[in-house]
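Following: one structure in structure tokens, then a few remarks.
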């Protein structure tokens, strides 16, 4: 389907507009007022109001009349829970993620790829937690996270090229890869090595080792990483955890082999 739909020039017409509004409300992380949504919206005032009214009446958003704010609705919560159960690796991977977390004592991330980006679907904090960007349900960049690069590297060539072209290449730190050429070279090295590293590329002081979760047909199901702070670990130290990481990724892949993974 051509995403450049004709309805107001917006991708996928009315449905696309409604999803865009839900995304903007959810991205706030707090109840949002109409005025601030309008200030960020490409839609005319009347269109935005109509979309908000429809989403509210359908239970996808809730409206607080006292505060005059919009927030995600319970119907959306139910749909999200169903998606987590049916389309996420998290329920299948949970016992393996728990075991790896206890074994290594560092932060564990389980992720899947979403439009070239990283969707964190589960996380276990280290014995001594370190504040960092990632949380289950958050979207992170593919090009500068260990788990993102691990998944990108093992995509089929055409899919990998498309995903590389989706990256923003914003320099989060002085170590961030900022060109498609640099990332493509890095992904080739990751395919040869079988693992990837985040060398403080997304957050200063945060490093990780990551591995893809691959089906028996070498299809990317997801990615798994062990993340630490540079204050208490090193890349060499994380590299020594490779056997535990790759063994766990293999176990998750085996458990998920007969799972109806969504295309």
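What follows draws every value from the coordinates through simple rules; no lab data is involved. No experiment lies behind these values; they were computed from the predicted model shown.
For the range 132-224, what number results from the quotient of the Cα radius of gyration and 2.2 N^0.38 Å?
The reported ratio for this selection is 1.00.
Averaged over all directions, how much area does the convex hull of the C-alpha atoms of the chain cover when projected, in nm²?
For the Cα atoms of the chain, the hull's average projected area reads 15.7 nm².
Based on the alpha-carbon gyration tensor of the range 13-78, what equivalent-ellipsoid semi-axes (square roots of 5 times the eigenvalues) come out, in whole Å, largest first?
16, 14, 11
Using Cα springs under 10 Å in a Gaussian network model of the chain, which residue among 43, 109, 172 shows the largest mean-square fluctuation?
43
For n ≥ 4 DSSP H runs only, could you compute -39500 (n - 2.57) per run for the chain, divide by its residues and tell me the 222 nm figure to the nearest 500?
-13500 deg cm²/dmol
Which of 209, 252, 92 moves the most in a Gaussian network model of the chain with Cα springs under 10 Å?
Of 209, 252, 92, the Gaussian network model singles out 92 as fluctuating most.
Take the chain, connect every pair of alpha-carbon atoms lying under 10 Å apart with a spring to form a Gaussian network, then pick out the residue of 181, 201, 161 with the largest mean-square fluctuation.
The residue with the greatest mean-square fluctuation here is 181.
So how tilted is helix 90-104 from the main axis of the chain? Cα-based, degrees 0 to 90, rounded to 10.
Orientation of helix 90-104: about 40 degrees from the principal axis.
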